[in-house]
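Below you'll find the structure, written out as structure tokens, and then a few comments.
The values are calculated or read from the model by the stated rules, or taken from the named source; none is laboratory data. What you see is a predicted model, and the numbers here were worked out from it, not measured in a lab. When we count neighbours, we look across all protein chains shown, and the Cβ atoms used for this are built from the backbone with ideal geometry, even at glycine.
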Amino acid sequence: MKKKIAIVAVIALFAFVLVGCGGAEEASEEAVDTTEEAVEQVDIYTGIGEGHEGDIEVEVEIDGDEILEVRVIDHQETEGIADPAIEELPSAIVDAQSTDVDTVSGATKTSEAIIEAVNEALVEAGI
């Protein structure tokens, strides 16, 4: 009799463990689905503007109509002179959520090219 009770208890315990693991797997799958949805909403668009020494290419990361990030990914501008515009202007555009920002003194043409490239990317995005 004790042996039968022990076997039933082991089977019941095993059943509870299986049911518990199945629920965790479903919850985990739901969390992954939610994360994938969030990732799918973020889009990256590129644009090109004419700089002083050639084209400047940017990537603009957008979620809906929000500008999340602006990156200068290619340019031939003069180091030292253009660096302040390349480093400062992308974050200014993100902060303003607009390309209606001041150009960087001493790097006006580079600034204008970055703004032009971001505007091109925003048009591509439909913003």
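Report whether or not E40 is at pLDDT below 95 and either in a strand (DSSP E or B) or not β-branched (V, I, T) (or both). Taking the combined requirement at face value, the residue satisfies it.
Of all residues in the stretch 89-110, those satisfying the criterion of being under 15 Å from E59 (Cα atoms), in contact with a helix residue (DSSP H, G or I) (Cβ under 9 Å, 6 or more places away or on another chain) and not hydrophobic (A, V, I, L, M, F, W, C) are P90, T99.
Scan the stretch 58-77 and give yes if some residue there is assigned to a loop (DSSP other than H, G, I, E, B), out of contact with any helix residue (DSSP H, G or I) (no Cβ under 9 Å at 6 or more places or on another chain) and loosely packed, with under 15 Cβ neighbours inside 10 Å, otherwise no. Break it down into steps so the answer makes sense when it comes.
Of the residues in the stretch 58-77, the ones assigned to a loop (DSSP other than H, G, I, E, B) are 64-65, 75-77.
Checking the rest, the ones that are also out of contact with any helix residue (DSSP H, G or I) (no Cβ under 9 Å at 6 or more places or on another chain) come to 76.
In the following step, the residues that additionally are loosely packed, with under 15 Cβ neighbours inside 10 Å were identified as 76.
So far as the stretch 58-77 goes, yes, one or more of its residues are assigned to a loop (DSSP other than H, G, I, E, B), out of contact with any helix residue (DSSP H, G or I) (no Cβ under 9 Å at 6 or more places or on another chain) and loosely packed, with under 15 Cβ neighbours inside 10 Å.
When only residues in the stretch 96-114 that are more than 20 Å from the chain's Cα centre (by Cα) and assigned to a helix (DSSP H, G or I) count, which is surrounded by the most Cβ atoms within 10 Å (Cβ to Cβ)?
Of all residues in the stretch 96-114, those more than 20 Å from the chain's Cα centre (by Cα) come to 100-113.
Subsequent filtering for residues that are assigned to a helix (DSSP H, G or I) retains 108-113.
Working: T108: 12, K109: 18, T110: 27, S111: 25, E112: 19, A113: 30.
It comes out as A113.
I127: outside any loop (DSSP other than H, G, I, E, B) and either out of contact with any Cys (no Cβ under 7 Å at 6 or more places or on another chain) or farther than 14 Å from V70 by Cβ (or both), yes or no? Judged against the criteria, I127 is not a match.
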